[in-house]
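Report on the following structure.
The values are calculated or read from the model by the stated rules, or taken from the named source; none is laboratory data. Nothing here was measured: the structure is a model prediction, and the numbers come from that model. Here Cβ is always computed from backbone atoms with ideal geometry, including for glycine, and neighbour counts include all displayed protein chains. For accessibility, only protein heavy atoms count, side chains too; no ligands or nucleic acids. Shrake-Rupley method; radii C 1.70, N 1.55, O 1.52, S 1.80 Å.
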Amino acid sequence: MTMKENNKTRIVWREYQKEIADNNYYYARSCIRQNFFPGSEEAFIKIVRDVLGRDIFDDPHQTTCSGIAYHCGVLPFDTTMTVIARQFALMYEAGYQNFIPSCVTSFGIYTEMVETWEHFPDIFKKAKKLLKASTGRDFEMPQNLVHTSDIIYKFKDEIAAKSKLKLTHKDTGKPLKVVEHIGCHYAKIFPHHGVGGAEFPQVLAGMVKTWGGEVIDYPERRHCCGFGFRNYVIKEDRSYPLSNTKLKFESMESYKPDFIVTNCPGCTYFLDRWQYVIAETEGKTYGENGYGIPVLTYEEMAGLVLGYDPWDLGMQLHQVSVEPLLDKLGISYNPAEKYLGHNGESIGEPRKPEILKV
Amino acid sequence: MSETLYERLKQDVRFEEGLNACINCGICTANCPAARFYDYDPRMIVVTVQTLKEEEIEGLLKGDTIWYCGECLSCKTRCPRENTPGYIVQALRSLSIDTGYYKYSKKGRQQIKVKRTVGDNILKHGYCMYLDEITLEEHPEQGPVWDWYRNNAHSVLKRLGANYKGNGAGTMRDISQNDLDELRQIFVETGAEERFEKMEEYDHERK
Ligand code: SF4
Ligand code: SF4
């Protein structure tokens, strides 16, 4: 390939847009996010319904996609394939055709199954047979399959038009510096299914830029957060995710990010929690004045831009404090309300880490 | 004559999709997060299966190597031959469990822990991970905020608009028994239940 052609390819990828349905979504929930970032699961529905005025269906019958167990190497391909087929069956039964999972691992798995069925019609037939035999249900492939971050990306201008603040420093007016981290399974498996492909993903960068921030390009930008599936689930192997996430912190540190935003529930978790572990075990912190670098989901970022209260968004469930970011953005918040329960119930506060400032 | 291991691997669609003649360029290894921190080389896995040699493939199935991969699939994007070492590893892991060879390696034997956490969670809760099961003892990296959240889960989740342990839709809702039964039936029909039972049996025999 000549240099010129190579550049052309790069431009094509940089400008690559995929088809994202405009309305009527079947919301497939993420296990990790419901458990670890429940506020974001709710914020997504609120933004889509109340801010964007779109229809979104939340089905009580859906379950896990089984993807974590699949990628950990304990579930047979056929099992996960049939669980996925059941989710698609539920979508059709509910009268929907646009499937939007909020988990990046799920998105990768749903895409993998659809691609497999398209290339191997016999396996599609087998999936139909297995689903029928186990549940009596029938299914078809969705017409549109995108990740929930694609939806927010699609409507980023509409959100900007309704925004209450920009991603800029309240005193200087300068854009905040943002590390965007894309979950590997968003586009590395099937680049055509990600906005901008695998090497130049625009899904988060597009939101950040539209809402006034500046994206940092640092050496390990495309490196995995290190989840590693079984390497995390098995306690003895947990140094694998820790080491890989640390590699990213060391690489981004000199660029002084104001915050990190990710589109994958697992990545958000690891980038948040390993900062706590590194602080407590090595005494090293990556943010300013002994704090960590705040790590946000894209709904939290969108929610702040739209003027939502940070504690209604569930940002008190992060181990790395988000207050340094809220202060830079000039968001007023009540620290006394951070750890209140339902209806202002007083439920105490988490113990403070020894080194990481919170 | 019974099938060779290579023939059995060929029946796995991930193996079929993930393997073209490798040119040994090492790009997969250069990008691999597992190779950064383990004595692990995805290129060598591809090279080894392509020897077609039964004893070499058996060595992979009985060894620790195939369990190091983190399944990030960064190798899929970057291989100039459109190979996916991560898919080949998935096929090898499946065969290692089906043949029982996983019992020969320390990392293979660890898989019972995965089965007993994320595997069992699916059938018990309908979630692959579940708040009630994630203790600070097993997950110290969760930090003190997790303890506070777990101890006050009902109140915290209600404030955030979730439906923890409730019926109907919503974040953290209970999955109904009917839906759990369907999942179990899928596990029975597709071989997962049999696989799980065998893994438990092997573990008991070992002890
Ligand atoms: S999928 Fe496995 S082999 Fe491929 S880059 Fe990731 S860790 Fe390495
Ligand atoms: S990147 Fe592809 S061709 Fe190169 S060594 Fe790895 S598998 Fe072989």
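Structure values in brief
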{"quantity": "Any hit, region A:291-302, residues being among the acidic types (Asp, Glu), within 18 Å of A:Ile182 (Cβ to Cβ) and crowded, with 20+ Cβ neighbours inside 10 Å", "calculated": "yes"}
{"quantity": "Residue in region A:89-112 that is under 27 Å from A:Cys267 (Cβ atoms), in contact with a strand residue (DSSP E or B) (Cβ under 8 Å, 6 or more places away or on another chain) and of a type in the set (Val, Ile, Thr) present", "calculated": "yes"}
{"quantity": "Filter result (more than 8 Å from every other protein chain (Cβ to nearest Cβ) and open to solvent by less than 20 Å² (accessible area, probe 1.4 Å)) within region A:314-358", "calculated": "A:Met315, A:Val320, A:Ser321, A:Val322, A:Leu325, A:Leu326, A:Leu329, A:Lys338, A:Leu356"}
{"quantity": "Pairs with Cβ under 6 Å, 6+ apart, first in region B:12-31 and on the phi > 0 side of the Ramachandran plot, second open to solvent by 20 Å² or more (accessible area, probe 1.4 Å) and within 12 Å of ligand 1 (Cβ to nearest atom)", "calculated": "B:Gly26/B:Arg43"}
{"quantity": "Scope region B:52-81; condition within 16 Å of ligand 1 (Cβ to nearest atom) and in a loop (DSSP other than H, G, I, E, B); matching residues", "calculated": "B:Gly63, B:Asp64, B:Tyr68, B:Cys69, B:Gly70, B:Glu71, B:Cys72, B:Leu73, B:Cys79, B:Pro80, B:Arg81"}
{"quantity": "Single residue of A:Tyr92, A:Tyr70, A:Tyr96 found to be open to solvent by less than 10 Å² (accessible area, probe 1.4 Å) and either of a type outside the set (A, V, I, L, M) or closer than 24 Å to A:Arg230 by Cα (or both)", "calculated": "A:Tyr70"}
{"quantity": "Residues of region B:49-73 classified as more than 28 Å from A:Glu112 (Cα to Cα) and among the small types (Gly, Ala, Ser), total", "calculated": "1"}
{"quantity": "Matching option when the condition is closer than 30 Å to A:Asp122 by Cβ and within 13 Å of ligand 2 (Cβ to nearest atom), among B:Ala30, B:Ala21", "calculated": "B:Ala21"}
{"quantity": "Sole residue being open to solvent by 10 Å² or more (accessible area, probe 1.4 Å), in contact with a Lys or Arg (Cβ under 7 Å, 6 or more places away or on another chain) and either more than 8 Å from every other protein chain (Cβ to nearest Cβ) or not β-branched (Val, Ile, Thr) (or both), chosen from B:Leu136, B:Leu123", "calculated": "B:Leu123"}
{"quantity": "Region A:274-296: number of residues that are assigned to a loop (DSSP other than H, G, I, E, B) and touching a Ser or Thr at 6+ places or on another chain (Cβ under 8 Å)", "calculated": "3"}
{"quantity": "Cβ pairs under 6 Å, 6+ apart, first in region B:73-102 and more than 12 Å from B:Val46 (Cα to Cα) and modelled with pLDDT of 95 or more, second within 11 Å of ligand 1 (Cβ to nearest atom) and in a helix (DSSP H, G or I)", "calculated": "B:Arg93/B:Ile66"}
{"quantity": "Helices (runs of 4 or more DSSP H) within region A:38-129 that include 1 or more residues within 8 Å of chain B (Cβ to nearest Cβ) and in contact with a Leu (Cβ under 7 Å, 6 or more places away or on another chain)", "calculated": "A:38-46, A:67-71, A:77-93"}
{"quantity": "B:Ile27 vs. criteria within 27 Å of A:Gly266 (Cβ to Cβ), among the hydrophobic types (A, V, I, L, M, F, W, C) and surrounded by fewer than 21 Cβ atoms within 10 Å (Cβ to Cβ)", "calculated": "yes"}
{"quantity": "Of all residues making up region B:1-21, the number that are assigned to a loop (DSSP other than H, G, I, E, B) and crowded, with 20+ Cβ neighbours inside 10 Å", "calculated": "1"}
{"quantity": "Residue match in region B:91-110 (condition: within 22 Å of A:Asp78 (Cα to Cα), open to solvent by less than 10 Å² (accessible area, probe 1.4 Å) and either within 16 Å of ligand 2 (Cβ to nearest atom) or touching a His at 6+ places or on another chain (Cβ under 8 Å) (or both))", "calculated": "yes"}
{"quantity": "Filtered residue count, region B:148-168, keeping only those that are at the interface with chain A (Cβ under 7 Å from one of its Cβ atoms) and at negative phi", "calculated": "10"}
{"quantity": "Listing of helices (runs of 4 or more DSSP H) fully contained in region A:175-240 that carry 1 or more residues being open to solvent by less than 40 Å² (accessible area, probe 1.4 Å) and closer than 26 Å to B:Gly119 by Cα", "calculated": "A:184-187, A:230-233"}
{"quantity": "Within region B:33-47, tally of residues that are closer than 12 Å to B:Val89 by Cα and either β-branched (Val, Ile, Thr) or more than 15 Å from ligand 2 (Cβ to nearest atom) (or both)", "calculated": "2"}
{"quantity": "Residue that is nearest to A:Phe107 (Cα to Cα), among those in region B:72-88 that are facing another protein chain (nearest Cβ under 8 Å) and within 13 Å of ligand 2 (Cβ to nearest atom)", "calculated": "B:Leu73"}
{"quantity": "Single condition B:Leu52 does not satisfy, out of (1) open to solvent by 50 Å² or more (accessible area, probe 1.4 Å); (2) within 12 Å of another protein chain (Cβ to nearest Cβ)", "calculated": "(2)"}
{"quantity": "So B:Val118, is it farther than 22 Å from B:Glu197 by Cβ and either open to solvent by less than 10 Å² (accessible area, probe 1.4 Å) or more than 10 Å from ligand 1 (Cβ to nearest atom) (or both)", "calculated": "no"}
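Here is a yes/no grid of residues against (1) open to solvent by 10 Å² or more (accessible area, probe 1.4 Å); (2) within 25 Å of the chain's Cα centre (by Cα):
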{"position": "A:Val104", "(1), (2)": "no, yes"}
{"position": "A:Met113", "(1), (2)": "no, yes"}
{"position": "A:Trp117", "(1), (2)": "no, no"}
{"position": "A:Glu140", "(1), (2)": "yes, no"}
